[in-house]
Every structure is written in structure tokens, then in C-alpha cells.
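> This is the structure I want to talk about, given as C-alpha cells.
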Amino acid sequence: MSDVDTLLLDLETHLATSVSEESIARARRNFSYLGHAKVPFLVPDSVKKAIAAEVNELLEVGSVRREVSFKETDFSPRRMRNVRRKEIAEFGTVIPEIYKSAKLLQGLAQVAGEPVHPCPYEPEQYVITCLEKDGDTHGWHWDDYSFAVVWVIETPPIADGGFVQCVPGTTWNKSDPQINRTLVKHPIYSVELFPGDLYLMRTDTTLHRVYPVANGTRKIINMGYASTQNLTMELSHETMDGLWAEPETVEVS
């Protein structure tokens, strides 16, 4: 049995034996009301450690610095280093297999209250990001697809930023995003996170951002998933295509 097969078995066993109905119910309530829920209980430590090790390795060999903004999100800033899905799939082993685990998808569906599918648009399936310079941020935005699972590898203390803020129950008009109008009309929820945390977010109806870091480093891997409805929708990918473009084509708007 390979190391990855062992990890998949660990994940399957953990989901079958160590996840309580109470934990699922609590996370499902939070997800329904807040547009996000912490779900670290879905994954055993062995899988978290393996994902973290691969994230750190890939950041060393395949990352690109990006500083961009997009009119579709009112020019909110993106300042970060990242590794795209293309490089993760080519050089990673653990992340691609965990991403498509049927048992993990079932666990996520229990929290979401509906089926969760691998994203049909491959560039949005998984991406690693690293915020490490003063002011680095993943600014206010929505995602094209319904769900994201974020694995927190490293994050600064709350006083130094790097926490998540979100505005659930909102919609994205790409031609007229009006992010500031959305922020004053709806409550903003802030989420403190720690290494080893995972959270599930309803990313197409939850405006969200990472608060700028002032010190330290925030490393995560984002795994994007689709709802059943997404599978029959025609979606455009302006911001994602721009954010994860080939390095020589990255420009600051």
C-alpha cells in the first residue's frame, strides 16, 4: 500500500468512526446561517500533516508572486505568492488524491446540506496561497463556484491580521459589483483561525476576504467544489483566469 493509499484509508476510517452527528449538525447550522463553518473534525491529523508538508514543498519549488486587481471585484487587491492547480497536479501526490476523495465529498455534503462535486473547471480545483509581506491580502471577492474548503497551514496571531472576513447572503454582479455598498448593508463576520483548521465556505453567495497581514505568514490551500446547480450553469472565469495566469502575463490592473 502506498503512502497516499494509507492516507486515504486514514481519512475514510476517521470519517466513518470519529465524526459525531453533533459536530456535523453544529457545522451545518453555522454554514447555513453564516455562509461558513469550521470543519477540522472531518480530517485526521495524519492527512493534515501530509497536506501541510506538500504545501510547504510546493511553495518552495513552484510559487509565483502576484499583485493584481480586477474590475469585477471593484479592484480589491490580491497580493500573494501562489502555486496553481497545474503545478500542484504535476508535482504533488497527496493533494490531488485527497481533493477527489469520495468520502471527503460525502462529509462536506453533510455540512453543506446538498451534494458537493469536484469543480468542472480545473484551474479552480485547488490552489496554494502564501501571504508573507506587510499588506499582503486576498481582497474582497466572491468565487465562481459554490464551495471552497480552506486548509490552514500557517497563520499569524490575530493581532497581525490574516484572519477571514465574510458577508453571507450576498450576490455577485460582475458588471457592477458594488462591494462597499454590500459591506454597509450587511453584517461582516470575522473568523480567527489556527494551523490545522479547515473551513467550508459558500463562496458564490458569501463575499469574503483575508484581512491584510502585518507580520508573519499565512499559508493555505484552497480546494474549490461545485454544487449540482453549478454543473449546468454557464460560468465565466475572468478573475480566476487573471489571478492564476501564466507568470509572464500577470499584470497589475
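The values are calculated or read from the model by the stated rules, or taken from the named source; none is laboratory data. These numbers were taken from a predicted model, which means no experiment stands behind them. Ideal geometry is used to build each Cβ from the backbone, glycine not excepted, and the neighbour counts take in all protein chains shown. Each accessible area value is taken on the protein alone, full model and side chains, heavy atoms only, with ligands, DNA and RNA left out. Shrake-Rupley method; radii C 1.70, N 1.55, O 1.52, S 1.80 Å.
> Scan the range 43-59 for residues that are open to solvent by less than 10 Å² (accessible area, probe 1.4 Å) and within 24 Å of Val111 (Cβ to Cβ) and jot them down. It would help to see each step written out before you state the result.
From the range 43-59, those open to solvent by less than 10 Å² (accessible area, probe 1.4 Å) are 43, 47, 51, 55, 58-59; that's our starting set.
Scanning the range 43-59 gives Val43, Val47, Ile51, Val55.
> Out of the residues in the range 117-160 that are of a type in the set (Asp, Glu) and open to solvent by 10 Å² or more (accessible area, probe 1.4 Å), state the one that is nearest to Ser227 (Cα to Cα).
Within the range 117-160, the match that is nearest to Ser227 (Cα to Cα) is Asp144.
> Does Phe31 fit the bill of being on the phi > 0 side of the Ramachandran plot and in contact (Cβ under 8 Å) with a residue 60 or more places away in the chain? Write out each step before concluding.
Details: on the phi > 0 side of the Ramachandran plot: no; in contact (Cβ under 8 Å) with a residue 60 or more places away in the chain: yes.
No: the conditions fail for Phe31.
> What do you reckon, is Ala27 of a type in the set (Gly, Ala, Ser), assigned to a helix (DSSP H, G or I) and either closer than 18 Å to Glu97 by Cβ or under 20 Å from the mean Cα position of the chain (by Cα) (or both)? Before the answer, list the steps.
Details: of a type in the set (Gly, Ala, Ser): yes; assigned to a helix (DSSP H, G or I): yes; either closer than 18 Å to Glu97 by Cβ or under 20 Å from the mean Cα position of the chain (by Cα) (or both): yes.
The answer is yes for Ala27.
> Also, I was wondering about something else. What residue, among those in the range 6-42 that are under 30 Å from Val83 (Cα atoms) and of a type in the set (Gly, Ala, Ser), is surrounded by the most Cβ atoms within 10 Å (Cβ to Cβ)?
Ala27
> Next up: Can you tell me which residue within the range 60-77, out of those that are touching a helix residue (DSSP H, G or I) at 6+ places or on another chain (Cβ under 6 Å) and closer than 22 Å to Ile153 by Cα, is least open to solvent (accessible area, probe 1.4 Å)?
That would be Gly62.
> Hey, another quick one. Mind checking which pairs have a first residue in the range 189-212 that is open to solvent by less than 40 Å² (accessible area, probe 1.4 Å) and a second that is in a strand (DSSP E or B) and small (Gly, Ala, Ser), Cβ under 7 Å, 6 or more apart or different chains?
From the range 189-212, the pairs are Tyr199/Ala37; Leu200/Ala37; Met201/Ala148; Thr203/Ala148.
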